[in-house]
Amino acid sequence: AALWYQLAAVHARVAGPVERALHRRFGIGIAELHSLMALADAPDGELRMLELNDVTFLNQSSVSRMVVRLERAGLTERRSCEQDRRGVYTGITERGARVLRDALPVYEGCLRECFDRLAGDPRLHSLVRRLRPLG
C-alpha cells in the first residue's frame, strides 16, 4: 500500500506540469504525445483504435475523441485497411512526426525537472531514484 501511495503521489506531481508544458508549446497532452509516439513506432506509422486504447490507457470513446482532435490538428489521418475494408487505422502525418520530434525534448526535459524536484522529498526519494529518466 505504501508503494502504491508513493507511485500515485509521483504521478500526480509529474503529470500536471508535463501536461501543461505540452499544451502550452504544442497544443497536445500526454495521451496525444503517447499516441504519436506509438504511431511513429508502428509499422507503416499506423495503428487500429483498439491498439491506441492499449497505448494511452484510455477507454474507446476517449480514444475516439482524441483521434478526432489529432486529425483536426493535422497530426494524424484515418486510413483504410487494404486487406479488410472494415478496418480503420489512424496514421501519423508528416506534421504529426514534426510535432513529435519537437515535443519529445520538452517532454523529457519536463520529466527530468519534475523528478529532480521530487528527489528531495524523503517520502518519495527511493521511488523517484528508480523512475528518474537517465541523462
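Readers should treat all values here as calculations from the given coordinates under stated rules, not as data from a laboratory. Fair warning: this is a prediction, and the values are worked out from it, not measured in the lab. Please note: Cβ atoms are built from the backbone with ideal geometry, for glycine as well, and neighbour counts cover all protein chains shown.
Can you tally the net charge around residue 119? Count Lys and Arg as +1, Asp and Glu as -1, for every other residue whose Cβ sits under 15 Å from the Cβ of residue 119. Please report the intermediate quantities before stating the final value.
Numbers: positive: 13, 112, 117, 123, 129, 130, 132; negative: 113, 116, 121.
So the surrounding residues net to +4.
First obtain the Kirkwood hydrodynamic radius of the chain from its Cα pairs, then insert it into the Stokes-Einstein equation at 4 °C and 1.567 mPa s, and state the resulting D in µm² per second as a whole number.
80 µm²/s
Apply the membrane-span-like helix rule to the chain: whole DSSP H runs, Cα extent along the own long axis of at least 20 Å, mean Kyte-Doolittle hydropathy at least 0.0. List the helices found.
2-26
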